[in-house]
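Working notes, structure below.
The values are calculated or read from the model by the stated rules, or taken from the named source; none is laboratory data. On a predicted model such as this, the values are computed, not experimentally measured, just so you know. Positions of Cβ are generated from backbone atoms using ideal geometry, with glycine treated the same way; all protein chains shown enter the neighbour counts. Accessible surface areas use protein heavy atoms only, side chains included; no ligands, DNA or RNA. Shrake-Rupley method; radii C 1.70, N 1.55, O 1.52, S 1.80 Å.
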Amino acid sequence: MLVRQIKHEELGFAAECARAEGWCGETEQVFRTFFELDPEGCSIAEVDGSPVGLCVAVSYGMCGFLGELIVLKEFRGRGLGRKLMEHGMRYLRNKGCISICLDGDEPATALYEKLGFEHFCKSLRFVGSIEGRESSRVRSMTRDDLQEIAAIDLEAFGADRLRYLVRRFELFPQLCKTIALGNRAAGYIMAQPGIGVTSVGPWVMTVSAESSEELLESIASAAGDSWLRIGVLESNASAVTLLRSIGNLEETTPSFRMIFGQKTRVGISSQLYAIGSAAKG
């Protein structure tokens, strides 16, 4: 068994693995973005020359995230998942990360605990159809907004995600919105199309902004008939209360936010109304 960097021609394999797991938000474009922005963080497990599993590591300097861990069903139980995780953790530590986070499905949490991860809170998932509505305070994001949006995101998230925000805007500008408070941005929301759903996030509100679903309703309008898929940490009480108050959203089986190493504030602010993804925080 060999763990190595993924190749460009294997991105389709990664997307097929995600589809087999029923992960509607992880398209080939998602994996291509990871590969384009940090190919060394994208790993493949290989047996007898064929890919059988994958994992993605994302570094934000002092903090990193692990996600997209999949091993083909017929190869499970051989320690491949652990090898992929250890490879990703080693990569992140070599990049200077003192804290590593992940969102783990319950069946996998025992593995993560053995690797030294500790539970922080549930990572909730909501899916459903929301009535789209436009607001005079919400407008489409422009390229000129990206630096201000990145500053808002840095304050809320606790680490620099500019490269991912820029890439999301370049790919899906129609699904990027900002909301105004006077002549300044009070928050933003981004989304991307998946398989039968539109995955919402990141979604960030500034400290001075009121809790509002105007951004979400605007994204619903832009997404058309597509259902929305939203992830949020249970520790963010205001965001959870808002999402649970929307009648057409169904709360599905949660994951668990887990942390290895030093505890940091990265990714756990009450300003974060939706995570970007399990692998990006």
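In the set (1) touching a strand residue (DSSP E or B) at 6+ places or on another chain (Cβ under 8 Å); (2) outside any strand (DSSP E or B); (3) buried (at least 16 other Cβ atoms within 10 Å of the Cβ), the condition left unmet by Ala150 is number (1). From the list Arg265, Arg257, the one residue that fits, being basic (Lys, Arg), buried (at least 23 other Cβ atoms within 10 Å of the Cβ) and either modelled with pLDDT under 95 or touching a Lys or Arg at 6+ places or on another chain (Cβ under 8 Å) (or both), is Arg257. Of all the listed residues (Glu86, Glu9, Glu36), the sole one being modelled with pLDDT of 95 or more and within 19 Å of the chain's Cα centre (by Cα) is Glu36.
Total residues in region 65-108 satisfying the condition of being open to solvent by less than 20 Å² (accessible area, probe 1.4 Å), farther than 21 Å from Gly276 by Cα and not in a helix (DSSP H, G or I): the figure is 1. In this structure, is Ser211 closer than 22 Å to Gly128 by Cα and at pLDDT 95 or above? Against the criterion (closer than 22 Å to Gly128 by Cα and at pLDDT 95 or above), Ser211 does not qualify. Is it the case, given these coordinates, that Glu214 is open to solvent by 40 Å² or more (accessible area, probe 1.4 Å) and more than 25 Å from Lys122 (Cα to Cα)? Yes. In region 109-120, which residues are surrounded by 15 or more Cβ atoms within 10 Å (Cβ to Cβ) and among the hydrophobic types (A, V, I, L, M, F, W, C)? The answer is Leu111, Leu115, Phe117, Phe120. Scanning region 153-168 for residues that are touching a residue at least 12 places away in the same chain (Cβ under 8 Å) and open to solvent by 20 Å² or more (accessible area, probe 1.4 Å) returns Glu155, Gly158, Asp160, Leu162, Arg163, Val166, Arg167.
Taking region 164-239 as the region of interest, the strands (runs of 3 or more DSSP E) fully inside it that hold 2 or more residues being out of contact with any Gly (no Cβ under 6 Å at 6 or more places or on another chain) and more than 23 Å from Arg32 (Cα to Cα) are 176-181, 184-193, 227-233.
Of everything in region 214-238 that is farther than 23 Å from Glu16 by Cα and among the polar types (S, T, N, Q), the residue that is modelled with the lowest pLDDT is Ser238. In region 157-172 there is no residue that is within 17 Å of the chain's Cα centre (by Cα) and within 19 Å of Arg133 (Cβ to Cβ). Please enumerate the residues belonging to region 1-51 that are among the aliphatic types (A, V, I, L, M), surrounded by 21 or more Cβ atoms within 10 Å (Cβ to Cβ) and within 18 Å of His87 (Cα to Cα). Of everything in region 1-51, those that are among the aliphatic types (A, V, I, L, M), surrounded by 21 or more Cβ atoms within 10 Å (Cβ to Cβ) and within 18 Å of His87 (Cα to Cα) turn out to be Ile6, Ala14, Ile44, Ala45. Only one entry of Val204, Val197 meets the criterion of being at pLDDT 95 or above, among the β-branched types (Val, Ile, Thr) and more than 26 Å from Ala15 (Cβ to Cβ), and that entry is Val204. Filtering region 136-147 to residues that are of a type in the set (Lys, Arg) and exposed (fewer than 13 other Cβ atoms within 10 Å of the Cβ) leaves only Arg143.
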